[in-house]
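Read through the structure below, which is laid out as structure tokens, and then see the notes.
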Amino acid sequence: MAVRLPSLENLVVILVTGNQGYIGTVMTKMLKEASYKVLGLDNDWFKEGYFFYPDDILPDKQITKDIRHITDNDLDGVEAVIHLAAISNDPLGELNPCVTEQINTHATIQLAKLCKKRKIGRFIFASSCSIYGIVENGMPISEQGILNPQTAYAKAKVNAENQLKELANDNFHPILMRNATVYGSSPKLRLDLVVNQLAAYAYLTGEIRVLSDGTPWRPLIHIEDFCRAFMKILEVPKEKNYQVFNVGINNGNYQIKDIAFEIQKSLPHTKIKIARELQSDERTYRVDFSKIKESLDFKPRWNLKKGIMELIEDFKKNDLTLNDFKSNKYFRIRTIQSYLETKKMDKNLFWL
């Protein structure tokens with residue numbers, strides 16, 4: 001049975017960490033459209049990665065600092081936290097696993113402890129469905145399923161989840177959001193996400209290139225539906241202890257080859273090339289999203305076909321080029337590697 005969704009009228013400020021990233025820019029825009037006040041905290045790693053420049057993604061106040069340096073004073077006036085800031089994917093996580101643990105686990109727990117001290121009860125943590133890793137039986141896995149993280153990124157998310165559960169009490173209510181793989185357009189576009197990458201390459205070259213045998217399963221969610229799920233949590237009554245939600249839709253589980261076929265429907269003159277070889281990334285998992293639908297009445301507004309069309313329209317509108325695709329700015333690991341090579345950043349991923 002769906003719970004009632006009362007308005008949280010007394011919410012003054014929401015801290016969004018990672019507000020200048022791929023998801024954070026869209027999250028900020030949607031929160032402000034819903035009349036929330038937004039305090040942003042971001043270290044501005046991807047300041048050169050704009051795809052387009054809207055005026056409505058700026059928070060009411062911006063703190064520019066690394067999440068590892070957050071202090072008690074940064075939480076003045078905050079009544080809820082949406083914690084997005086992280087090493088954001090598996091390849092980047094493997095670049096320096098120790099730093100991945102510092103940012104994705106230790107900094108998360110430091111922030112959570114400050115929130116608990118401040119009696120900021122609502123702490124919404126962006127985890128990931130990738131923590132399920134490889135699901136051997138092929139059946140959709142629920143929130144009670146066995147965690148099988150395969151990468152430094154996923155292991156750090158699991159560690160953060162476990163420690164957040166230990167912090168939970170009657171006054172501190174972390175919500176763990178295990179998100180499907182996100183796709184869709186954003187002012188800070190990412191082309192290292194499976195749907196975005198396949199769609200961009202198809203649009204630019206006429207070829208949909210699948211660098212595996214195409215059989216691994218991935219759950220998908222549009223970026224706006226991702227943000228809408230987090231906003232649902234702001235509306236529901238605070239729970240005792242903690243809650244865990246898989247964030248996505250049951251008909252949003254796709255094999256990689258089926259994503260390619262869906263893109264081809266929107267770009268009918270493209271050719272699909274499947275490598276038909278297993279890659280080092282052996283993750284495959286289908287996810288059960290029944291809980292968020294039933295308990296939060298979560299009804300996504302996007303599907304894969306609609307999201308692909310949005311991407312293609314924005315590629316045209318904003319003149320995406322093959323040089324853009326080959327450059328660093330829309331790929332997280334390429335961006336960070338370029339900073340390291342040019343001595344703009346040290347080995348611990350602090351600005352120099």
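Please treat every number below as a calculation from the coordinates, not as lab data. The structure presented is a predicted model; accordingly, all values stated were derived computationally and were not measured. In this analysis, Cβ positions are derived from the backbone assuming ideal geometry, glycine residues included, and neighbour counts consider all displayed protein chains.
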request  = Work out from phi, with θ = phi - 60° and the Karplus expression 6.51 cos²θ - 1.76 cosθ + 1.60, the ³J(HN,Hα) of each residue of the stretch 287-292, listed in order in whole Hz, and give x for Gly and Pro.
outcome  = 10, 8, 10, 5, 4, 5
ask   = Using a simple spin-label model with points 7 Å from Cα along the Cα→Cβ vector, what separation in nm is obtained for Trp351 and Asp44?
value = 0.4 nm
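Leu58 to Gln163: FRET efficiency via 1/(1 + (r/R0)^6), r the Cβ-Cβ distance, R0 30 Å, to the nearest 0.05? Could the numbers behind the result be given before it?
Numbers: r = 32 Å, r/R0 = 1.08.
Between Leu58 and Gln163 the formula returns 0.40.
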key: Label-reachable residues, the stretch 72-109, where backbone N falls under 20 Å from a point 7 Å from Lys37's Cα toward its Cβ   = 72-83
query = Could you give the distance between the Cα centres of the stretch 150-225 and the stretch 302-352, to the whole Å?
reply = 15 Å
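Give, rounded to the nearest 20 debye, the magnitude of the charge dipole that the chain has about its Cα centre when Lys and Arg contribute +1 at Cβ and Asp and Glu contribute -1 at Cβ. Provide the component values of the computation, followed by the final result.
Details: 48 positive and 43 negative charges, 20 e Å.
It comes to approximately 100 debye.
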remark   = Mean 1/r over distinct Cα pairs of the stretch 245-350, inverted to a Kirkwood Rh in Å, yields 17.6 Å
ask   = Using every alpha carbon pair in the chain, what percent of pairs falls into each 20 Å bin from 0 up to the bin containing the largest distance?
value = 30, 62, 8
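Pairs of Cα atoms under 8 Å, at least six residues apart: use those to get the relative contact order of the stretch 209-270, whole percent.
Values: 39 pairs, mean separation 34.6, N = 62.
About 56 percent, as a whole number.
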ask   = What is the set of long-range amide H partners of Gln255 at a cut-off below 5 Å, with H atoms built 1.01 Å from backbone N?
value = Arg218
request  = Please go through the stretch 243-330 and write out the trypsin sites (Lys or Arg not before Pro) that DSSP classes as loop and that have at most 14 other C-beta atoms within 10 Å.
outcome  = Arg276, Arg301
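Of all DSSP beta bridges in the chain, what percent run antiparallel (nearest 5)? Write down the numbers at each step before the final one.
Numbers: 4 of 41 bridges.
Antiparallel bridges make up about 10 percent of those DSSP assigns within the chain.
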key: Placed amide H near Phe298: partners under 5 Å, 5+ positions off or other chain   = Lys293
key: Spin-label model distance (nm) - Lys305 vs Met139, 7 Å beyond Cα toward Cβ   = 3.1 nm
request  = Provide, in order from the shortest bin, the percent of all Cα-Cα pairs of the stretch 132-265 in each 10 Å bin, continuing until the bin that contains the maximum pair distance.
outcome  = 10, 35, 35, 16, 5, 0
inquiry  = Through the Karplus equation 6.51 cos²θ - 1.76 cosθ + 1.60, θ set to phi - 60°, convert the phi angles of the stretch 35-48 into ³J(HN,Hα) values in whole Hz; use x for Gly and Pro.
reply    = 6, 8, 8, 10, 9, x, 9, 7, 8, 6, 4, 10, 5, 9
message = Quick one: 3J(HN,Hα) in Hz for the stretch 160-170, Karplus 6.51/-1.76/1.60 with θ = phi - 60°, rounded, Gly and Pro as x.
response = 5, 4, 4, 6, 5, 4, 5, 7, 5, 8, 5
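What FRET efficiency comes out for the pair Lys343/Asn171, r = Cβ-Cβ distance, R0 = 41 Å, nearest 0.05?
Numbers: r = 45 Å, r/R0 = 1.10.
After rounding, the FRET efficiency stands at 0.35.
How large is Rg over Rh for the stretch 29-114, taking Rg from the Cα atoms and Rh as the Kirkwood inverse mean of 1/r across Cα pairs? Walk me through the intermediate numbers first.
Working: Rg = 14.2 Å, Rh = 14.5 Å.
So for the stretch 29-114, dividing Rg by the Kirkwood Rh gives 0.98.
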inquiry  = 5 Å is the cut-off here: which amide hydrogens, built 1.01 Å from N in the peptide plane, fall below it relative to Val247, excluding neighbours closer than 5 in sequence?
reply    = Arg178, Asn179, Ala180
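Evaluate 2.2 N^0.38 Å with N set to the residue count of the stretch 1-144, then give the Cα radius of gyration divided by it.
Working: Rg = 16.5 Å, N = 144, 2.2 N^0.38 = 14.5 Å.
With N residues counted in the stretch 1-144, Rg over 2.2 N^0.38 Å equals 1.14.
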request  = Jot down the per residue volume, in cubic angstrom and as a whole number, of the convex hull over the alpha-carbon atoms of the stretch 97-190.
outcome  = 127 Å³
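I need the calculated FRET efficiency for the pair Asn323 and Thr71, taking r as the beta carbon distance and R₀ as 51 Å, to the nearest 0.05. Each step should come with its number before you reach the end.
Values: r = 41 Å, r/R0 = 0.81.
About 0.80, to the nearest 0.05.
Going by average Cβ density within 10 Å per residue, which order do the peptides 115-128, 177-190 take, highest to lowest? Write down the numbers at each step before the final one.
Numbers: 115-128: 20.4, 177-190: 23.7.
Top to bottom by mean Cβ count within 10 Å: 177-190, 115-128.
At a threshold of 8 angstrom on Cα-Cα distance, excluding pairs fewer than six apart, so keeping six or more, what relative contact order does the chain reach in percent?
Numbers: 700 pairs, mean separation 70.4, N = 352.
Answer for the chain is 20 percent.
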